[in-house]
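> Shown below is the structure under consideration.
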Amino acid sequence: MARRESVRRMSVEQPLWHALTAYRVLTMVYAIGLFATAYQEFTRPWLAVAYYAVLSVWTLATLPRVAGAAGCTKRFLAADLAIALTGILLTPLADTHERITAGGPTLPSIWTAGSVLAFAIKGGWRWAALASTLVAAANLIERGAPARDTVHNVILVWVASIAIGYVVEVARASERTLARALEIEAATRERERLARDIHDGVLQVLAMVQRRGAVLGGEAAELGRLAGEQEVALRTLVSKGVAPAPRVPASPPPAARGSRGAAGRAVAETGEDGDGPVDLRALLAPYAGSRVSLAEPGAPVLLAPAAAREVAAAVGAALDNVRAHAGEQARAWLLVEDEPDEVIVTVRDDGPGIPEGRLAQAEGEGRLGVALSIRGRLRDLGGSAELISVPGQGTEVELKVPKHAKDTRGKAER
């Protein structure tokens, strides 16, 4: 929360404080210049000189205080406004009545607006309204009567300060909303990532235990029943729950599936933890077998290590779906195409296909293999996953990933 607050102030408030710092210095010089040009007309010029000496020292000494919101405490703002009000009220004592009634400037002149703007930036339009009202009262006392030019200047300062304060409040609220939206997006992506990892490992192991237990009977059947209940509960949590903050390793569980474990070893052997590109063919080779045919280019298909690992995991998830839904005897074909700007991997099977609407129904039931383990992975890489299925004619999954793709989560999180 502290870090987000720091970022927010840097983007909204800090430029305003920098502008206010420059404004205070320039208006101090301007006020002194006005006095110097009319020095002979003052009845008590020494009083004005004393005030300008205090104003100069105060302005220069407090530059670090107005460089940010932290230094502008309520006590400081009150003292700063008091100096401005004092200068206004001292004007009738230092200047002639004729100059005052003719619309002559007060001793602090437009430097006073800097004090009011500090209230606006620090506390919003309500603080600005309070400060500008006090300045208006001081100007009316100094002038002795609500003259036209005095009222005009008072209204101008009052409206401008309140408008700036309101704009600052709106900007702060907008950035809080943006920060919250970014947090929600990050949490959603984290939940999807964890869901993919859980689907690739835990859920499939529980499903396998349930099936084997039902076949074996006895105590194993009870164990299978419990595994089935836990699978349903975990699917519900994955599809609707909130992901915890800590990261977990995203590599596939080597013990759950032989081909997935082999793919994990291939990743390590090709240098996934290094900075150089990885040959995607080496990661897909462990999937090939008696029921899975692999067709690949003769030259290396190079991708960033993290991107290659995610593509291989998506292919593994697609093959898992083939075994789960098309049967152990179903055949599958992998085709790797190395295009100039992208890599295309196609997974095709000769199973019964997917009935229309079945994917949406499965996602609603918490079965997120296609939604997260396949499409979610490719989406995070800036690619896409298209699924084409005709009942009775098998299913084809086409994975496209740009060659410059990088894992958005970064290596540090793995």
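The values are calculated or read from the model by the stated rules, or taken from the named source; none is laboratory data. These figures come from a predicted structure and were not determined experimentally. Reconstructed Cβ throughout: ideal geometry from the backbone, glycine too, with neighbour counts over all protein chains shown. Calculation scope for accessible area: heavy atoms of the full protein, side chains included, ligands and nucleic acids excluded. Shrake-Rupley method; radii C 1.70, N 1.55, O 1.52, S 1.80 Å.
> Between Arg189 and Glu219, what is the label-to-label distance in nm when each label sits 7 Å out along the Cα-to-Cβ direction?
Those two pseudo-labels are separated by 4.8 nm.
> When the accessible area of the stretch 43-160 is split by element with a 1.4 Å probe, what percent falls to carbon and sulfur?
Ligands and nucleic acids excluded, carbon and sulfur reach 72 percent.
> Here's a follow-up. What full-extension length gain, to one decimal in nm, is calculated for Ile141 and Ala53 as 0.36 nm per residue of separation minus the Cα-Cα distance?
Numbers: separation 88, 0.36 × 88 = 31.68 nm, distance 2.37 nm.
Going from the current span to full extension adds 29.3 nm.
> Let me ask something else about it. Using the Cα centre as the reference, give the magnitude of the dipole from point charges on the C-beta atoms of the stretch 12-179 (Lys, Arg: +1; Asp, Glu: -1; all else neutral), rounded to the nearest 20 debye. Numbers along the way, then the final one.
Details: 12 positive and 9 negative charges, 80 e Å.
Its charge dipole is roughly 380 debye.
> At 37 °C and a viscosity of 0.692 mPa s, what translational diffusion coefficient does Stokes-Einstein give for the stretch 50-133, taking Rh as the Kirkwood radius over Cα pairs? Give it in µm²/s as a whole number.
Values: Rh = 13.6 Å.
Diffusion coefficient, whole number: 242 µm²/s.
> Output the peptides 297-303, 177-183 sorted from most to least packed, where packing is the average of other Cβ atoms within 10 Å over each peptide's residues.
Details: 297-303: 15.1, 177-183: 11.4.
Per-residue Cβ counts within 10 Å, averaged per peptide and sorted highest first, yield 297-303, 177-183.
> Quote the relative contact order of the stretch 12-179 in percent (integer), defining contacts as alpha-carbon pairs under 8 Å separated by 6+ residues. Kindly include the intermediate steps, with their values, before the conclusion.
Details: 179 pairs, mean separation 45.0, N = 168.
Computed over the stretch 12-179, the figure is 27 percent.
> Heavy-atom accessible area per residue, the stretch 12-179, 1.4 Å probe: how many Å²?
Details: 8280 Å² over 168 residues.
Counting only protein heavy atoms, the per-residue value for the stretch 12-179 is 49 Å².
> Of Leu60, Cys72, Ala22, whose Cα points farthest to the positive end of the dipole of the stretch 12-179 (charges on the beta-carbon: +1 Lys, Arg; -1 Asp, Glu; origin at the Cα centre)?
The Cα lying farthest towards the positive end belongs to Cys72.
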